[in-house]
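A short write-up of the structure that comes next.
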Amino acid sequence: MTRHEASPYATVMDDSQLTGRPIVLAGAGPYGGDLEIPEPLVTGGKKWSDVDRDICMHAEQFPTKKWWIAFSVALTFLGVLVFSLILLFYSGMGILGINSPVGWGSFIINFVFWIGIGHAGTLISAVLFLFRQQWRTGINRAAEAMTLFAVACAGIFPIIHLGRAWFAYWLVPYPNARGPLWINFNSPLAWDIFAISTYGLVSAAFWYVGLLPDLATVRDRATHPWRKAIYNAMSFGWTGSHRAWRHYESAYMILAGLATPLVFSVHTIVSFDFATSVMPGWHTTIFPPYFVIGAIFSGFAMVITLMTFMRGYFGMKNYVTLNHMESMAKILMLTGMLVGFAYSTEFFMAWYSGSEWEGFVFKNRAFGPYGWAYFIMFTCNAIVPQIFWWKKMRRHTWVLFVVSILVNVGMWFERYVIVVTSLHRDYLPSSWGMYSLTRWDFAILFGSFGLFFTLFLLFVRFLPVVAISEVKGVMDPKVARSAPTDTVAAVAAHQEA
Amino acid sequence: MPGAAAGKPVPNPSLAWHFLRAGWAARLALEPGTPAFEAAWNEVLRSGSFQGPAPAAPPARALAPAALALLAAIPAAPAGLELQLYPHLALHDGQHGNNAWLHEFPDPITRISWGGALSIAPRRFDEMKLANGDLVEVDAGHGKLVAPAYRHAGMHYDQVALPLGLGRTACGDIGGGVGPNAFALRLLAGGRPLSAGLPVTIRKVAGSEALAFAQGSDVIDREARPLVPVTTLSAYEANQKSGTEQQAGGPSAWPEHPYPNARWAMAIDLSKCNGCGKCVIGCQAENNVPVVGRRGIIDGREMSWMRIDRYYDAPKKDGRWDADVWDGPLPVVEEPQVLFEPMLCQHCENAPCETVCPFVATMHSEDGLNQQIYNRCVGTRYCANNCPFKVRRFNFWEYGKAQESALFRALEPRIKRNAELNTRGLMQMKNNPEVTVRNRGVMEKCSFCIQRIREARAEATRDGKSKVHFPDGAVVPACMEACPTGAITFGDVNAPGSKVAALAAHPRAMKLLEAINVKPSISYLTKVRNDKA
């Protein structure tokens, strides 16, 4: 028995009517079992044609005042980023806070932070797709876009953190006339190049393939011939034939299969930057799973942040319902507990290893001069998400929003703690030192948010922010099949005229 | 300036030209315009140097009994706090105050560079609730001075001390206004300056000033971190290896380097090292190490390839020290045991820096050097992070060259200051033509004076001598050359009968951080303390 046959939810108009619990009909299921009818994924009694209009609308009309305000703020921060980078390239790494014991600072922290954010998109689109989690359809497009833009933000940091960034291309191993200059395959930084570029490319391909039918929808709705032509080219001349759908579905499945291992491999390799070193506090085998979980954790937090805006300002409440938010809150709580478990395991191993160096680094982390950062990290990541034990909190928009922001603050500080506290007091007490961010570190950190939001707002402006074809697939046909009332009225009015 | 034929001065309208010539006329004791003067003047210009007559020997000084009478003028030792003024170790009275190397040289004990501070006994310091750098007013009655405070291990409770030679007002771009001028506190007693035992009072005043420390923690707990080999004479007599105990490392996954020919290595005898730091300056002069200035030291960007770590040895105690031992608790710093350890690139056999560089900019040579290739370095700084000895130095700025943009110089005044420090005055002439001047964005570190090694090799080729092994003394790096006590020995450890091989095999030898299996090329020889009366 499929869910659609007996949906009692045709009249659910918005998410205030959702409960987050299925209706249980005792004994009505197969073989005399209970029948659970989940709540609908799309509310508001939407028809299929409503979906086209609601979602394509933002790409079709002149942007709202709110969009312009948001875009100009984002663009200002992007300008700050560009100016800071000009200064950085002109005068050198000296403008930053890094120094002799702490050779990596905010740039590597930001890099790991953004790469982590990028994980949720692929997880939602690929892993949840393979696990047939239908609630992913409302959020996967935006989450994948977030992944791409986060990877773009992350991608600039390993380049700009180089002392001579203009030679960054030396890291690409291709036959060349510079000696030939070859790279050192022993170095985790060389592995990073492959990991990140693969991830970026596969995510982009996956995202774009998913976009094809929706681009065709935008094309079909377009009235201006140029607009039609551009979106037609972007959708590769999508016809919507059965053959096209057949190929599309298998391509999507294959790409999901390819992207899934990348969710785990990228951050594993990023963690090798630290784990393969000899620095106490970095040299730990727990890093790969710990980094992957942290990445999913922070990525889901960012999705919640963005979805709060999408629901609030883009009228997406019928497609990204409170049930979606609650599902994400559950993942946030689970990954938050796993992260907390990783923190505790690290401490246990530091003690259990009996290594003086290791033990000192962890004591210093929690109780040394950067204890405040550890406190922020532990509170935001391991304690704050515990609020989601309460269903009411999982379904409270503001609580979700605040927690999602705090989690990302906490995850930024997690990287701060890992990078800074391990370096600032290492083997020789004589070389110990302190690290702090300069105004240019802050400018570039906030500037990277400017880049992220500029890209995201352009995405919202020009592309369908929800996967139209996929959402249609999870709607109740009994509700969605009939023509929308306003269209019936419009057609009638047209015929009368 | 154009040269002139003897007897025919070039007509020059410049006032400065005449002034300069008049000055040299006085120095050469010749009349300007005479052929003798022109010949001598041209010779000075040509050679670029001038050797004046040897100074006359000072007249023999007889004991002046009258001087003894002056002792009466010296005030009696005060009962309270006494101030001692001591010459700065590098600058002395300050006459070379415009030399950036001397300012950058960290005091061997306080480890302060670019300025000085009032040394206060740790107990008094803690009682006054001071922090390093808090401003303190020193009142000697006849003069007052505000100086930053420094918690100086081993100071007597009733003593404070301040270095002389700082705070010059008219000195030049580099040294002007650096540090407090302690001459203001000197007492003239009976026409004689008095610099010691001055009765003073001190009080905390508002404000603080960052001190340019060239070192992190002062203390070493050798139970936890056996990084300096130290023992006592009686322990040494019982066991020659005493003091070199450390945590053992595991097996190595890396293949060993073969070293078919020479293998360069160093041995540093800590019993001989007195921490004077001449090796540091010698290295800086030889290897074109830039000056980073006070702000550079505070920012933690010292460039010195060599440093002398100064530790206060935490005394043995029952059980373990808590983590706060690193902050210098009173039991450690009131009667400190000072250890000096020259620290430079250890040229590890399993160098952690070599494996992590994605650009292969640092690699192992077949004669055992850990080489840094500047034009291949792109500046990931991963090598420096992974260096357990933190001896790698990154060029955060373009030190050797002035940058022009007024906007960026206004945004970052350090750009202007770096150019001043490295290109003005004496510093224009500091560069060794045998050594590359590194540009910004690249990593650098001790090269074991590779230019001298390669020169010795070229010489051996020229003279038809062995290029496989080099005798002792064929290569002397700058630090070894500068060391007045002969604590540093450098040579080819594979050469039969070489001194460094004997020292590396000596029971006193310890290679650091065996726990992580880096296998340094530098052996530290135990400092043996005499515990017998």
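The values are calculated or read from the model by the stated rules, or taken from the named source; none is laboratory data. Every value quoted in this text rests on a predicted model; they were computed, and no experiment measured them. Counting neighbours? That spans all protein chains shown, and the Cβs are built from the backbone with ideal geometry, glycine included.
B:Trp254 is checked against (1) within 14 Å of chain A (Cβ to nearest Cβ); (2) surrounded by fewer than 16 Cβ atoms within 10 Å (Cβ to Cβ); (3) not in a loop (DSSP other than H, G, I, E, B); (4) not basic (Lys, Arg) and fails just one. What number does that condition carry?
(3)
Name the one entry in B:Ala478, B:Ala474 that is within 17 Å of the chain's Cα centre (by Cα) and of a type in the set (Gly, Ala, Ser).
Numbers: B:Ala474 fails: within 17 Å of the chain's Cα centre (by Cα).
The unique qualifying residue is B:Ala478.
When you go through B:Ala285, B:Ala267 one by one, which is the residue that is under 28 Å from B:Cys383 (Cα atoms) and part of a helix (DSSP H, G or I)? Break it down into steps so the answer makes sense when it comes.
Working: B:Ala267 fails: part of a helix (DSSP H, G or I).
Only one candidate passes the filter, namely B:Ala285.
Tell me the residue from B:Ala478, B:Ala460, B:Ala487, B:Ala495 that is in contact with a Phe, Trp or Tyr (Cβ under 8 Å, 6 or more places away or on another chain), surrounded by 20 or more Cβ atoms within 10 Å (Cβ to Cβ) and not acidic (Asp, Glu), please. Spell out the reasoning first.
Values: B:Ala478 fails: in contact with a Phe, Trp or Tyr (Cβ under 8 Å, 6 or more places away or on another chain); B:Ala460 fails: surrounded by 20 or more Cβ atoms within 10 Å (Cβ to Cβ); B:Ala487 fails: in contact with a Phe, Trp or Tyr (Cβ under 8 Å, 6 or more places away or on another chain).
So the residue among B:Ala478, B:Ala460, B:Ala487, B:Ala495 that is in contact with a Phe, Trp or Tyr (Cβ under 8 Å, 6 or more places away or on another chain), surrounded by 20 or more Cβ atoms within 10 Å (Cβ to Cβ) and not acidic (Asp, Glu) is B:Ala495.
I'd like the residue in region A:155-165 that is within 14 Å of another protein chain (Cβ to nearest Cβ) and in contact (Cβ under 8 Å) with a residue 12 or more places away in the chain and, out of all such residues, is nearest to A:Trp104 (Cα to Cα).
The initial filter retains those residues of region A:155-165 that are within 14 Å of another protein chain (Cβ to nearest Cβ), namely A:157-165.
Among the residues that remain, those that are also in contact (Cβ under 8 Å) with a residue 12 or more places away in the chain are: A:157-158, A:160-161, A:163, A:165.
Details: A:Phe157: 11, A:Pro158: 11, A:Ile160: 12, A:His161: 8, A:Gly163: 11, A:Ala165: 15 Å.
The selected residue is A:His161.
Give me a count of the residues in region B:378-394 that are free of Cβ contacts under 8 Å to residues at least 60 places away in the same chain and more than 7 Å from every other protein chain (Cβ to nearest Cβ).
Number of matching residues: 2.
Whether any residue in region B:218-232 is exposed (fewer than 15 other Cβ atoms within 10 Å of the Cβ), in a loop (DSSP other than H, G, I, E, B) and either away from chain A (no Cβ under 14 Å) or of a type in the set (A, V, I, L, M, F, W, C) (or both) is what I want to check.
First, the residues of region B:218-232 that are exposed (fewer than 15 other Cβ atoms within 10 Å of the Cβ): B:223.
Going one step further and asking which of them are in a loop (DSSP other than H, G, I, E, B), we end up with B:223.
Still in the running and either away from chain A (no Cβ under 14 Å) or of a type in the set (A, V, I, L, M, F, W, C) (or both): none.
Within region B:218-232 (the criterion being exposed (fewer than 15 other Cβ atoms within 10 Å of the Cβ), in a loop (DSSP other than H, G, I, E, B) and either away from chain A (no Cβ under 14 Å) or of a type in the set (A, V, I, L, M, F, W, C) (or both)), the answer is no, since none of the residues qualifies.
Quick check, is A:Phe375 surrounded by fewer than 18 Cβ atoms within 10 Å (Cβ to Cβ), over 24 Å from the mean Cα position of the chain (by Cα) and either of a type outside the set (Lys, Arg) or not in a helix (DSSP H, G or I) (or both)? Reasoning before the result, please.
On the way: surrounded by fewer than 18 Cβ atoms within 10 Å (Cβ to Cβ): yes; over 24 Å from the mean Cα position of the chain (by Cα): yes; either of a type outside the set (Lys, Arg) or not in a helix (DSSP H, G or I) (or both): yes.
Yes; evaluated as a whole, the condition is true for this residue.
The conditions are (1) of a type outside the set (Ser, Thr, Tyr); (2) surrounded by fewer than 20 Cβ atoms within 10 Å (Cβ to Cβ); (3) at pLDDT 90 or above, and A:Pro180 fails exactly one of them. Which is it?
So the condition that A:Pro180 fails would be (3).
For A:Ser353, all conditions in the list (1) touching a residue at least 40 places away in the same chain (Cβ under 8 Å); (2) surrounded by fewer than 17 Cβ atoms within 10 Å (Cβ to Cβ) hold save one; what is the number of the exception?
Condition (1) is where A:Ser353 drops out.
Would a scan of region A:405-425 turn up a residue that is surrounded by fewer than 23 Cβ atoms within 10 Å (Cβ to Cβ) and outside any helix (DSSP H, G or I)?
No, region A:405-425 contains no residue that is surrounded by fewer than 23 Cβ atoms within 10 Å (Cβ to Cβ) and outside any helix (DSSP H, G or I).
Being crowded, with 20+ Cβ neighbours inside 10 Å and assigned to a helix (DSSP H, G or I) is the filter here; which residues of region B:102-123 pass it?
Those that are crowded, with 20+ Cβ neighbours inside 10 Å and assigned to a helix (DSSP H, G or I): B:Leu102, B:His103, B:Glu104, B:Pro122.
Restrict the check to region A:402-409 and report whether at least one residue is more than 14 Å from chain B (Cβ to nearest Cβ) and among the small types (Gly, Ala, Ser).
Quick first cut of region A:402-409, residues more than 14 Å from chain B (Cβ to nearest Cβ) only: A:402-409.
Right, trim to among the small types (Gly, Ala, Ser) and you get A:404.
Yes, there is a match, as at least one residue in region A:402-409 is more than 14 Å from chain B (Cβ to nearest Cβ) and among the small types (Gly, Ala, Ser).
Within region B:288-304, work out how many residues are assigned to a loop (DSSP other than H, G, I, E, B) and within 11 Å of another protein chain (Cβ to nearest Cβ).
Just the residues of region B:288-304 that are assigned to a loop (DSSP other than H, G, I, E, B), to begin with: B:288-292, B:299-304.
Narrowing the set further to residues that are within 11 Å of another protein chain (Cβ to nearest Cβ) leaves B:292, B:299-304.
Of the residues in that region, 7 qualify.
Taking A:Ile183 as the residue in question, decide whether it is in a helix (DSSP H, G or I) and more than 12 Å from the chain's Cα centre (by Cα).
Details: in a helix (DSSP H, G or I): no; more than 12 Å from the chain's Cα centre (by Cα): yes.
No, not satisfied.
Kindly indicate the residue of region B:51-101 that is hydrophobic (A, V, I, L, M, F, W, C), surrounded by 12 or more Cβ atoms within 10 Å (Cβ to Cβ) and in a loop (DSSP other than H, G, I, E, B) and also modelled with the lowest pLDDT among those meeting that condition. Let's see the steps before the verdict.
Filtering region B:51-101 for residues hydrophobic (A, V, I, L, M, F, W, C) gives B:54, B:56-57, B:60, B:62-64, B:66-74, B:76-77, B:79, B:81, B:83, B:85, B:89-91, B:100-101.
With surrounded by 12 or more Cβ atoms within 10 Å (Cβ to Cβ) added as a condition, the list becomes B:70, B:73-74, B:81, B:83, B:85, B:89-91, B:100-101.
Restricting the remaining residues to those that are in a loop (DSSP other than H, G, I, E, B) gives B:74, B:81, B:89-91.
Values: B:Ile74: 69, B:Leu81: 92, B:Leu89: 91, B:Ala90: 92, B:Leu91: 91.
Taking the candidates together, the pick is B:Ile74.
For region A:33-138, which fully contained helices (runs of 4 or more DSSP H) count at least 2 residues that are surrounded by fewer than 20 Cβ atoms within 10 Å (Cβ to Cβ)? Before the answer, list the steps.
On the way: elements: A:48-60, A:65-91, A:106-117, A:119-122.
Fully inside region A:33-138 and qualifying: A:48-60, A:65-91.
Pick out the one residue from A:Ile296, A:Ile286 that is buried (at least 24 other Cβ atoms within 10 Å of the Cβ) and not basic (Lys, Arg).
Values: A:Ile286 fails: buried (at least 24 other Cβ atoms within 10 Å of the Cβ).
Matching residue, one of A:Ile296, A:Ile286: A:Ile296.
Might you check whether a residue that is within 14 Å of chain B (Cβ to nearest Cβ), of a type outside the set (Lys, Arg) and over 30 Å from A:Gly45 (Cα atoms) occurs anywhere in region A:319-338? Can you show your working first?
Kept after step one, since they are within 14 Å of chain B (Cβ to nearest Cβ), are these residues of region A:319-338: none.
Looking through region A:319-338, none of the residues is within 14 Å of chain B (Cβ to nearest Cβ), of a type outside the set (Lys, Arg) and over 30 Å from A:Gly45 (Cα atoms).
Tell me, which residue of region A:15-27 that is more than 9 Å from A:Leu322 (Cα to Cα) and either in a strand (DSSP E or B) or not polar (S, T, N, Q) (or both) is farthest from the chain's Cα centre (by Cα)?
Here the answer is A:Gly27.
Suppose we filter A:Ala195, A:Ala204, A:Ala152 for residues that are in contact with a helix residue (DSSP H, G or I) (Cβ under 7 Å, 6 or more places away or on another chain), within 14 Å of chain B (Cβ to nearest Cβ) and either part of a helix (DSSP H, G or I) or of a type in the set (Lys, Arg) (or both); which single one remains? Break it down into steps so the answer makes sense when it comes.
On the way: A:Ala204 fails: within 14 Å of chain B (Cβ to nearest Cβ); A:Ala152 fails: within 14 Å of chain B (Cβ to nearest Cβ).
So the residue among A:Ala195, A:Ala204, A:Ala152 that is in contact with a helix residue (DSSP H, G or I) (Cβ under 7 Å, 6 or more places away or on another chain), within 14 Å of chain B (Cβ to nearest Cβ) and either part of a helix (DSSP H, G or I) or of a type in the set (Lys, Arg) (or both) is A:Ala195.
What pairs come up if the first residue lies in region A:436-464 and is closer than 29 Å to B:Glu412 by Cα, the second is hydroxyl-bearing (Ser, Thr, Tyr) and surrounded by fewer than 21 Cβ atoms within 10 Å (Cβ to Cβ), and their beta carbons are under 9 Å apart, counting only those six or more places apart or on different chains?
Correct list of pairs: A:Gly450/A:Thr76.
Take region B:305-340 and flag every residue that is part of a helix (DSSP H, G or I) and within 11 Å of another protein chain (Cβ to nearest Cβ).
Residues of region B:305-340 that are part of a helix (DSSP H, G or I), as a first pass: B:323-327, B:330-333.
B:Ala323, B:Asp324, B:Val325, B:Trp326, B:Asp327, listed by residue number.
When region A:37-76 is examined, which residues are found to be free of Cβ contacts under 8 Å to residues at least 12 places away in the same chain and of a type in the set (Phe, Trp, Tyr)?
Selection gives A:Phe62, A:Trp68.
Quickly run through region B:291-343 and pick out the residues that are touching a Lys or Arg at 6+ places or on another chain (Cβ under 8 Å), small (Gly, Ala, Ser) and more than 21 Å from B:Lys430 (Cβ to Cβ).
B:Ala314, B:Ala323, B:Gly328
Go through B:Arg409, B:Arg438, B:Arg417 for me and flag whichever is more than 8 Å from chain A (Cβ to nearest Cβ), crowded, with 19+ Cβ neighbours inside 10 Å and in a helix (DSSP H, G or I).
Details: B:Arg409 fails: crowded, with 19+ Cβ neighbours inside 10 Å; B:Arg438 fails: in a helix (DSSP H, G or I).
Result of the check over B:Arg409, B:Arg438, B:Arg417: B:Arg417.
Could you list, in sequence order, the residues of region B:278-293 that are crowded, with 24+ Cβ neighbours inside 10 Å and either outside the structural domain of B:Gln451 (by TED's automatic domain parsing) or at positive phi (or both)?
Matches in region B:278-293: B:Gly293 only.
Identify, please: which residue in region A:65-114 is among the polar types (S, T, N, Q) and under 18 Å from B:Cys383 (Cβ atoms) and is, among those, nearest to the other protein chains (Cβ to nearest Cβ)?
At the first step, the residues of region A:65-114 found to be among the polar types (S, T, N, Q) are A:72, A:76, A:84, A:91, A:99-100, A:106, A:110.
Within this subset, residues satisfying the condition of being under 18 Å from B:Cys383 (Cβ atoms) are A:99-100.
Numbers: A:Asn99: 3, A:Ser100: 5 Å.
So the residue we want is A:Asn99.
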